[in-house]
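Read the figures in this text as sums done on the coordinates, not as results from a lab. A quick note: this is a predicted structure, and the numbers were derived from the prediction, not measured. A quick note on method: Cβ atoms are made from the backbone with ideal geometry, for glycine too, and the neighbour counts reach across all protein chains shown.
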Amino acid sequence: MPNGKLAIYPGTFDPITNGHLDIIHRASTLFDRVVVSIATNPSKEPLFGVAERVEMIERSTRGLNNITVDHFNGLLMHYAVKKKADVIVRGLRAITDFEYEFQMALVNRKLAENIITVFLMPNEKYTYLNSTIVKEVAKFHGIVSSFVPEFVENKLKEKFR
Ligand code: ADP
């Protein structure tokens, strides 16, 4: 559906999960171009470096030709304005996400009122999934093959050998 719209899907992606991928697939059908962009927020201590996270997202989105991967520092909206984005995509898993996302979206609208935040819901089978729980399972050598792509599963195995 070519509509000339550029969407940014920001997040930590530490690592990318099948839930994130579900959102990326949906966004790729809605917008001309989608930039999956890693927030390199120094207050979080990620398991994977930025280059590793970029690689994992690139590998997982190979079949989608309107997806690119990037990273940014500082305020999302400064970055989004610089990129000339039209839309910010966020995933909504459950009502527990709502309050935080609602606050963020309204603040972001104050910062750049022309950029619209859009929420997409994943398939319900991913609503319980986040990167933190995947890391917990992997850390204790549990099987994560239904949560993340195979390449990511192998990267997790390497980290927690
Ligand atoms: P953040 O640290 O910004 O929450 P995440 O990488 O955890 O970054 O998430 C990025 C976005 O993806 C957020 O909008 C989050 O709600 C969404 N998301 C994360 N996991 C899932 C999932 N399993 N299903 C749908 N959306 C998800």
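Summary of values
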| read-out | value |
| --- | --- |
| Over the chain: helical MRE at 222 nm, DSSP H runs n ≥ 4 each giving -39500 (n - 2.57), nearest 500 | -12500 deg cm²/dmol |
| Highest-first arrangement of 61-72, 29-40, where packing means the average Cβ count within 10 Å | 29-40, 61-72 |
| Pair N114, D97: separation of 7 Å Cα→Cβ label points (nm) | 2.8 |
| Tensor-based shape of the range 1-79 (alpha-carbon gyration tensor, a/c under 1.5 rounded, otherwise prolate or oblate) | oblate |
| Prolate/oblate/rounded call for the range 47-139, Cα gyration tensor, a/c under 1.5 rounded | oblate |
| Among 133-139, 21-27, the order from most to least packed when residues are scored by Cβ within 10 Å on average | 21-27, 133-139 |
| Global form of the range 93-148, assessed from the alpha-carbon gyration tensor, a/c cut-off 1.5 | prolate |
| Which of L47, S146, V34, positive extreme of dipole for the chain (C-beta unit charges) | V34 |
| When each of K83/K135; K82/K135; K5/K157; K84/K110; K44/K155 is checked by Cα-Cα distance, pairs over 26 Å | K83/K135; K82/K135; K5/K157 |
| Distance in nm between pseudo-label sites at N154 and N65 (7 Å out along the Cβ direction from Cα) | 2.6 |
| Semi-axis lengths, Å, the chain, gyration tensor of Cα atoms, sqrt of 5 times eigenvalues | 26, 17, 16 |
